[in-house]
Every structure is written in C-alpha cells, then in structure tokens.
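To keep things clear, I will list the structure first and then write my remarks on it.
Just so you know, all these numbers are worked out from the coordinates, no wet-lab data involved. Nothing here was measured: the structure is a model prediction, and the numbers come from that model. Note: ideal-geometry Cβ built from the backbone for every residue, glycine included; neighbour counts use all protein chains shown.
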Amino acid sequence: METHVKEISVTMKRVTSIALWFSYFSFGIANNLLSPLLVEMKNKYETTIDEISNVFIVVLLAYLSGALTCGILFNYFNRQLMVVGLSCIMATGVFSIPHVPTETLFFVIAGVIGFTAGGFDTSQTVWMLEMWRGEAGVYIQAQFFFYALGSTVAPLLLKPFLLEESKDKNITLETSFPDSFPTTMPSSVSNSTGESQLYIPLSISGSIITLGASSILFLFCFDKYVPPTQGQSEETEVNQEYISRDDTGSIAKLFTKMRNLEWDKIALAGQLALIVGFYQGMENCTFQFMPTFTHYTDLAFPEPDGAAVLSGMTGAYTAGRLAGILITYYNVSPALILIFNLVLATTGNIILLIFANSNVTLLWTGAVLLGLGYSTVFACIFDYIEKHLKITNLIGASNAVVGGLVSAVYPLIVGDSVERKPLVLMYVIFFGLSMCTIMFSSIYYMTVIRKRVSNPQVGF
C-alpha cells in the first residue's frame, strides 16, 4: 500500500523557487569573494601568489568533504534546516575574513566556507530538479542566472575598497610585473587597511548570505517542504529513452534490457561527473585567477582594474544566463545552447591566448566572450541530463565529489605558474573546453545517436 504524500502546490513551488534563487544569489557572492582578494592577501601575509593560491585547493577539498557528507546527511535530516545552518556558518566565515591575523587562520576560514559551500551547492540543484521534475528547464536556468548575478556583485563590492587602499598607500602601479615590485611599496601594504576597509564589503556580503538563509527558514516555518515520492511507473518514465518498445520479447530479453538500463544509468552518471568536473575546474580557475592573470601579463593591470575585468566577465556571464532563461522558455534544445556556449568560450580563449599580453581591448573582448561562453553550460548540462537520468541526493553528492576531484588539478597547475607564465591559465582553459566537448559528445552519442539506429527521427 502506497503512502500518500501531500503534493506541493504550483504556487508554493514558485515561492520556494524564488527563495532558492535568492539563496543561490548569495552563494554566488560567497563563492567569488576570494579571487579579487588574492593579491591583497598575498601582500597582507607577506607571501607569494604560489603559496596564497593554495587557498583554492583548501576550499576545493573542503567543498568535496561538504558535498559528500551533506549528500548523505540529507537523506536522514531535514534538508531545509541543514541548508539554513550551512548558510549561517558560511556567512560567519565571510564576516571573519578581514579579521584573521595569520595565513593559517585564513586557510581555516576558507576551508569552513568551502565545506558549507559543498553541502549547500549539492542541495540546491537536486532540490530544484526534484521539485520541478520534468519541467525544470527554465527554473534551473534561472537558478544559475542568480548565481551568476551574485558572482558579478562580489568583485563590484570589493573594487572600490581595493582602489581606496592603493591610493592611501601611494603604490606605484605602473611597474611591470612580475619582474619587480616598485620600491615605494611597503612590505606590509595590506596589514592595516585590509582589516579596516575590507570588512565593509565582506560584512555586506555576509549579511546577504544570512538573509538568504532567513528566507529558507521562513519557508520551513510557513510550509515545510516534503520531497515528492516516486512510483515505479514514474521511474520507468524518467528513463524511457533507454527502453525500446518490444512487446514480443521474452522474459529473458526483458531482464537483459533492465541490466542494460542500469549500466547506461551508471555510465551517464559517471560522464555527468566528469563533464561537470572538467567544466567546474575550468570555470572556477578562470574566475579565481583572472584578476591575477591580468596583473601579471605584460599589460600589468593594477588590482582594481583586474577586479574590473572580472566584473566584466561575470557581467557577460550573468547576461548570458538571463538570455538562457528566455531561450529555454521557447523550448530551444539545451544541447544546441551548450554547443553554442562551447564555441563562444573557445573563441574567447583563443583571443586571450594571442592578445592578452599586447592589447587591452582584445583582452576585455576575450574575457567577455569567456563569460558568455560559460554562462549556461552548467544549467544546460543538468537540463539535458535530467531528461534521461533522475538526479538524486546520492548522484548529486557523487557528482560534486568526483567532479571536484577532477577540477582540483587546475589550481595546482595555474597557481604554481601564473606569476611567471600567466598564459598557463589559457592553456588550462583550452584543455578544459576540449574535455567538455569530448564528454558531451559521448553523452550525446549514448542518448541520441545510438538510439537513431532504431528510431531515425530522434534529433536534438
């Protein structure tokens, strides 16, 4: 006898979606605060870019731990309350960043933020796909749009304070990097101003994250969310792409099809983790190191100008995701959108590879094209896969962990070389784009091309 679970109304689905969008906006802010601060923290703790960039490794490893741990705990504890708790801890970490006196404590705080980010991120995508099962296209695009909006706000919040600090300390910003630092730069340039001024944008950011947690808590008190149940017929419908209709088959053939179905699901989940890993590493590495990259090219962008380039890239990233919502609304295939994104990102990568050391305008152009190219990749991947594979808490957590392990290699390579050879960032991006293309081609082959053998009318 089936247990009846109250179905969430369409109105509450929309209200919940709005709360999730806002909380994902706050997550976008939290996840993009460290990148513009990288050079700032290097000066504050009197270290090197190579050493301070290890903070991204700490964040990533903590993210993986958080994703795996919370992906399991979500099956036993209320997901809404856990998300509220994770967000509050994340906000506390953001509040603390400008006040930590040592590099070691800075890494610890970054690890706390990374752990909470892993659990938070795992919950949000699964929650949205679960709630709008079969109709998640527009809503998941909107969710990633709000993340992009948050990633745009983060460097904009920080930029005025980085600029004010440079003026106060009379730093000579025209000197070419990395050959030498100007003799007028004191060794402890950020020690006082970093704490006294950076706490303002970081306090604003922490407050926004807390507000996002409050919206989820309000929903819990007003109308507690209950995950929908899924019957056998619905499970079959979700994966119908893999079952050919053959009413004349024997029981043995039916068991063979069921075994093939399970292997296909495992293969799809594995390829999903890999494409997410290659893309996530590429995107995170680009956003983390773009200000540093512009700082150490022959054009030697000052810190505030590097933050401005990051804002331009994330602005294009956000605009692209807004366009993705509108395009998805008119039922354009996520596969076509994804292919277009990869072409744009590859074009931007080539422009930066050739002109980043010589032409300011083309550096901006390449960064904007990268932002546009990255814009809807994540959303399109999940929108496409969701039609062929049910995304559960376990798949979401496994996807985050495996994907994170793949993406962990990126900052190791870039952080070690970006000061001496900044173009290493572009080589890493090109590798990531190539692997994303290969992985999606494999997924498309499994879900479409192979099926055309029995049904030639199947397309995008």
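For the reader, a short list of remarks on this structure follows.
- Shape of the range 33-174, Cα gyration tensor, a/c cut at 1.5: prolate
- About the Cα centre, charge dipole magnitude for the range 19-113 (Lys/Arg +1, Asp/Glu -1 at Cβ), debye: 360 debye
- For the cross-link pairs 224/390; 159/387; 265/421; 13/387; 159/224, the ones whose C-alpha atoms lie over 30 Å apart are 159/387; 265/421; 159/224.
- When you restrict to C-alpha pairs under 8 Å that are six or more residues apart and normalise by the size of the range 255-400, the relative contact order lands at 31 percent.
- For a paramagnetic label modelled on residue 330 (point 7 Å from Cα along Cα→Cβ), amide N atoms under 16 Å away belong, within the range 129-154, to 138.
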